[in-house]
1. Of all residues in region 56-91, which are assigned to a helix (DSSP H, G or I), among the charged types (D, E, K, R) and either at pLDDT below 90 or exposed (fewer than 13 other Cβ atoms within 10 Å of the Cβ) (or both)?
2. Within region 1-44, can you find the residues that are part of a loop (DSSP other than H, G, I, E, B), modelled with pLDDT under 85 and either more than 22 Å from Arg57 (Cβ to Cβ) or basic (Lys, Arg) (or both)?
3. Give region 62-72 a look and list any residue that's of a type outside the set (S, T, N, Q) and in contact with a Phe, Trp or Tyr (Cβ under 9 Å, 6 or more places away or on another chain), or say none.
4. So in region 17-47, with the set limited to residues that are loosely packed, with under 10 Cβ neighbours inside 10 Å and not charged (D, E, K, R), which one is farthest from Met71 (Cα to Cα)?
Amino acid sequence: MIVRVTEITREEGRMNLTIRPVTPDQWPALEDLFGENGARGGCWCMYWRIGRAYRDRPREKNKVAFREIVMRGPRRACSPLTASSRLAGVS
């Protein structure tokens with residue numbers, strides 16, 4: 001899931017964040033945020049998907065791949081069992 005922070009507030013010394021999925025209509029804002037370099041080093045958040053291989057690809061290719069992910073829209077479901085078993089170290 002790709003997320004964005006939509007609200008940050010401070011109460012009693014704590015920070016509260018509201019996080020929501022990035023939707024296709026927000027792509028232009030994401031492009032502005034990442035800038036010409038594609039965030040850090042041209043990865044366009046592809047490191048989390050392809051590892052260090054993002055470094056061997058042109059920034060534009062990483063951008064196109066990430067845009068395709070965003071344009072598919074947020075995932076509608078996830079498997080808590082899978083997430084829980086991974087957290088517990090069960091494979």
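1. Passing the criteria: Asp56, Glu60, Glu68, Arg72, Arg86.
2. Passing the criteria: Met1, Glu12, Gly13, Arg40.
3. Lys63, Val64, Ala65, Phe66, Arg67, Val70, Met71
4. Ranking the candidates gives Gly35 first.
The values are calculated or read from the model by the stated rules, or taken from the named source; none is laboratory data. It should be emphasised that the depicted structure is a prediction, and the values quoted were computed from it without experimental measurement. All Cβ positions, even for glycine, are placed from backbone atoms using ideal geometry, and neighbour counts span all protein chains on display.
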